[in-house]
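Following: one structure in structure tokens, then a few remarks.
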Amino acid sequence: MSNAGKNLRHLRKLRGWTQEEFANKLKIKRSLVGAYEEERAEPRLEVVKEICQIFKLSLEDFLLKDLTATKGGGSYIEKRRQLKMVAEVAEVRFVPVKAAAGYLAGYADPEFVDELNTFTLPMLAPGQYRAFEIVGDSMLPTPSGSVIVGEKVEDLEDVKNSNTYVVLSRNEGVVYKRIMKNNRVKNKITLISDNPQYEPYNVSSEDVLEVWKAVYILQKANAGPRWDVNQLAGMVNNLQEQVSTLKKKLN
């Protein structure tokens, strides 16, 4: 006798997903998830394969083994396996410089996004992430060629002033900057470079397509720039002048 219905319900609850959320991941109707869990129907083979891929299970284990039996006991190995099934590994899709122009056109196309190379980082919590390769010296001391791993920001209202973000906009494409919001002007944000040689500039909120909060910076060893004391002093002075100018504008 198949344990598919019981196991499907158990696995869903391990991840804390609603039937609607699980149905979306399996690309089926929510009513089908309910029917499978209540054993009013048997899941199709393609659905079973998708479940097994998500939870790293064999077809035999999912269909024949009672996965709920180890919930309260079982061996150490069985408990570790349960924990691994619960831990959803965040997959990061990578946008290299050569793909940046294509990303501007295809960022909302699931087929285009699926074609991007992916990697994982064990320190990332579950969420939606993207990685962007940056070029140029506008964000020094972050060197050109660094990869910015960003977490999706769903609403511009959630952006925190002075934090760094990867911003995708219609006119500027993909840029990595600090963001300042002007409370008096709701329809614009100011993008600021860490290198004070570059002037801040405004972008219309309506032109912003995506925002990704920088959570990690990946770079080659010894790739950072070397600064002398005079360069640093000049940068600090320029930065202070820009901050003072921005404060006057915001006030």
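Being surrounded by 14 or more Cβ atoms within 10 Å (Cβ to Cβ), of a type in the set (Asp, Glu) and part of a helix (DSSP H, G or I) is the filter here; which residues of the stretch 31-47 pass it?
Result: GLU37, single match.
Residues being out of contact with any Phe, Trp or Tyr (no Cβ under 9 Å at 6 or more places or on another chain), exposed (fewer than 11 other Cβ atoms within 10 Å of the Cβ) and at pLDDT below 70 are represented in the stretch 205-226 by at least one member. Right, ARG184: surrounded by 13 or more Cβ atoms within 10 Å (Cβ to Cβ) and basic (Lys, Arg) or not? Criteria not met by ARG184. Annotation note: of ILE51, ILE28, the sole residue that is closer than 25 Å to GLY127 by Cβ, open to solvent by less than 40 Å² (accessible area, probe 1.4 Å), modelled with pLDDT of 85 or more and outside any helix (DSSP H, G or I) is ILE28. If the condition is being touching a residue at least 60 places away in the same chain (Cβ under 8 Å), among the small types (Gly, Ala, Ser) and either closer than 16 Å to ALA90 by Cβ or open to solvent by 80 Å² or more (accessible area, probe 1.4 Å) (or both), then the stretch 105-138 contributes only ALA131.
Out of VAL95, VAL33, one residue alone is at pLDDT 90 or above and closer than 30 Å to GLY145 by Cα. It is VAL95.
Within the stretch 1-25, the set of residues being open to solvent by 40 Å² or more (accessible area, probe 1.4 Å), closer than 16 Å to LYS65 by Cα and either part of a loop (DSSP other than H, G, I, E, B) or among the hydroxyl-bearing types (Ser, Thr, Tyr) (or both) comprises just one member, MET1.
The values are calculated or read from the model by the stated rules, or taken from the named source; none is laboratory data. In this text, all values refer to a predicted model and were calculated from it rather than measured experimentally. For neighbour counting, all protein chains shown are included, and Cβ atoms are generated from backbone atoms with ideal geometry for every residue, glycine included. Heads up: the accessible areas ignore ligands, DNA and RNA and are worked out on the full protein's heavy atoms, side chains in. Shrake-Rupley method; radii C 1.70, N 1.55, O 1.52, S 1.80 Å.
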